[in-house]
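See below for the structure under consideration.
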Amino acid sequence: MPSLSPCSGAKHWLTIIGLGEDGFEALSRKAQRAILEADVLVGGKRHLSLVEGRGQALRETWPSPYSRAMQALARHEGRDVVVLASGDPFFFGIGKQIAAHFGYDGLQVIPSRSCLTLACARTGWSAQDVGLVSLCGRPMSRLLPHLQPGARLVILSADETTPASLAAWLDEKGCGESVIHLLEALDGPEERQRVFRAREGAPGDVARLNMMAVEIVAGRGASLLPLACGLPDHFFEHDGQITKQEIRAITLSALAPHPGQVLWDLGAGSGSIGIEWMLRHPSNQCFAVERNAERCARIARNAEALGVDQLHVEQRDLSAPLSDMPPPDAVFVGGGISTPGLLDNAWSALRSGGRLVANAVTLEGEQRLFEAFQAWGGALSRISMERLGPIGTMHGFRPAMTVTQYKAVKP
């Protein structure tokens with residue numbers, strides 16, 4: 001039986017060392033020895049300055065653009081190379097990228113305390129009870145799914161402007177009473193901790209190296225996303241082409257999202273199905289296909305506004321091949337159901353165990369769904385909904401268009 005160990009016993013040529021603001025003296029003897037004996041030291045300017053005068057290694061800063069970093073490391077393969085990273089290299093750090101590029105054989109990792117560990121140590125919070133969000137190269141809207149009453153969040157800042165931007169954003173969302181713990185240069189000689197409420201704004205002299213621990217206090221009428229499927233329709237910008245709230249909740253239930261899965265949202269309209277798919281778990285992906293350019297732009301705006309800006313929008317006709325997109329775990333067809341070959345292409349692309357869900361409101365669409373039912377089995381259902389509205393001086397329920405839904409699981 002082969003070993004399940006990721007290491008083959010090869011000699012380590014590449015060592016990643018997690019370094020804190022407390023510098024070389026705070027490192028373990030093993031980490032110190034690796035730095036002193038290294039042929040090459042690679043890291044950011046700040047990291048290299050923390051081990052200034054230690055060892056005789058050639059020193060290199062990361063190249064610009066950073067996308068060439070792995071190529072720069074590869075030039076030294078076979079020598080004793082040490083990469084300096086912040087804290088835990090596998091916690092929003094470079095460890096994942098290096099391991100993916102070079103493999104784990106020949107790699108040694110000596111981590112230090114992560115910034116999450118330090119933040120919890122300073123606030124007295126339990127790490128398992130907090131949410132973690134990075135705003136490094138990410139829009140502020142990424143916080144929206146985490147914005148819940150009483151939530152405790154540890155937030156990684158992009159730079160010294162992030163605390164002020166966060167405070168203003170929280171106040172705008174109706175969470176101005178939220179408490180922000182500003183943690184600067186943790187574990188270093190310049191460490192500083194300050195506390196303020198979002199409505200008060202951030203101090204003006206924030207260190208570039210900072211992070212925040214935030215206690216969310218939601219005011220009355222705060223803009224929060226409920227955890228249930230079926231967000232109110234007004235959460236989405238749309239031109240009428242939207243799967244309505246109640247139908248959307250039923251549709252998401254049929255699509256049955258699981259973490260890390262890929263959805264194709266075909267004929268995406270406003271993007272509401274794909275956006276809610278991604279809100280179910282941060283590792284979920286969606287490829288929304290829509291032929292109308294204006295709607296594509298609207299989908300992108302909706303996705304960013306609701307905290308899932310990483311949703312992929314594809315402007316193309318539904319009759320065009322879709323094979324260049326990653327194979328889906330689920331497919332939803334909300335528009336263009338009668339497009340020749342569309343359902344067949346979607347079914348063929350699905351992984352085994354994948355779910356196909358399609359909605360129709362026309363007789364032609366229903367006919368195509370019945371043909372799919374005859375070919376692949378599954379289930380057909382009709383969903384009716386009525387809403388209260390005025391009738392003269394009185395009130396009555398007005399029926400919306402009945403939706404026929406097909407769902408099937410691929411063997």
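The values are calculated or read from the model by the stated rules, or taken from the named source; none is laboratory data. This is a predicted model, so every value here is computed, not measured. For neighbour counting, all protein chains shown are included, and Cβ atoms are generated from backbone atoms with ideal geometry for every residue, glycine included. Heads up: the accessible areas ignore ligands, DNA and RNA and are worked out on the full protein's heavy atoms, side chains in. Shrake-Rupley method; radii C 1.70, N 1.55, O 1.52, S 1.80 Å.
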Amide H of Gly20 versus every other amide H placed in the peptide plane: which residues, excluding those fewer than 5 positions away on the same chain, fall under 5 Å? Gly87
Roughly speaking, what is the centre-to-centre gap between the stretch 232-304 and the stretch 125-177 when only Cα atoms are used, to the nearest Å? 24
Which whole-Hz couplings ³J(HN,Hα) result when phi for each residue of the stretch 76-89 is put into the Karplus expression 6.51 cos²θ - 1.76 cosθ + 1.60, θ = phi - 60°, listed in order with x for Gly and Pro? 9, 4, x, 8, 7, 10, 10, 9, 9, 10, 8, x, 8, x
Computed label-point distance, nm, for sites Arg79 and Arg301 using a 7 Å Cα→Cβ extension: 5.3
Can you run phi through the Karplus equation (6.51, -1.76, 1.60; θ = phi - 60°) for the stretch 130-135 and list ³J(HN,Hα) in whole Hz, with x for Gly and Pro? 10, x, 10, 9, 9, 9
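Give me the dipole magnitude in Debye, nearest 20, for the stretch 284-411 about the Cα centre, with unit charges on the beta carbon: positive for Lys and Arg, negative for Asp and Glu.
Values: 13 positive and 13 negative charges, 67 e Å.
In debye, rounded to 20, the stretch 284-411 gives about 320.
Carbon and sulfur: what percent of the chain's accessible surface (1.4 Å probe)? It would help to have the intermediate numbers written out before the result.
Numbers: 10410 of 20210 Å².
Carbon and sulfur: 52 percent of the exposed surface of the chain.
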Pick from Ser381, Ser64, Ser272 the residue whose mean-square fluctuation is largest in a GNM of the chain, springs joining Cα atoms under 10 Å. Ser64
Measuring with a 1.4 Å probe in the full set of protein chains, what accessible area per residue, in whole Å², belongs to the stretch 213-372? 42
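Any idea what the relative contact order of the chain is, in percent, if you count C-alpha pairs under 8 Å spaced at least 6 apart?
Across the chain, relative contact order equals 10 percent.
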Hey, rough spin-label estimate for Glu191 and Ser126, points 7 angstrom out along Cα→Cβ, what's it come to in nanometres? 2.4
Once percent of Cα pairs over 34 Å apart is worked out from the coordinates, which option in (i) 30; (ii) 63; (iii) 48 does it equal? (iii)
By DSSP, what percent of the beta bridges with both residues in the chain are antiparallel, rounded to the nearest 5? 45
Ordering Lys410, Lys96, Lys244 by accessible area with a probe of 1.4 Å, largest first, what comes out? Lys96, Lys244, Lys410
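Counting helices only, and only those DSSP H runs with n ≥ 4, report the 222 nm mean residue ellipticity of the chain as the sum of -39,500 (n - 2.57) divided by its residues, in deg cm²/dmol to the nearest 500.
On the way: 11 runs with 103 residues, N = 411.
Rounded to the nearest 500, the figure is -7000 deg cm²/dmol.
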Just to confirm the number: angle between the C-alpha axis of helix 293-305 and the first principal axis of the chain, 0 to 90 degrees, nearest 10? 50
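What is the total of Lys pairs in the chain with C-alpha atoms under 27 Å apart, excluding same-chain pairs fewer than 8 positions apart?
Details: Lys11/Lys30; Lys11/Lys96; Lys30/Lys45; Lys30/Lys96; Lys45/Lys96; Lys173/Lys244; Lys244/Lys407; Lys244/Lys410.
Summing the qualifying lysine pairs gives 8.
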In order through the stretch 362-376: 3J(HN,Hα) via Karplus (6.51 cos²θ - 1.76 cosθ + 1.60), integer Hz, x for Gly, Pro: 10, 4, 5, x, 4, 4, 5, 5, 5, 5, 5, 4, 5, 7, 10
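Quick check for me: using +1 on Lys/Arg Cβ and -1 on Asp/Glu Cβ, what's the dipole size of the stretch 1-152 about its Cα centre, in debye to the nearest 20? Mind dumping the intermediate values first?
On the way: 17 positive and 12 negative charges, 52 e Å.
With only Lys, Arg, Asp and Glu charged at Cβ, the dipole is about 260 debye.
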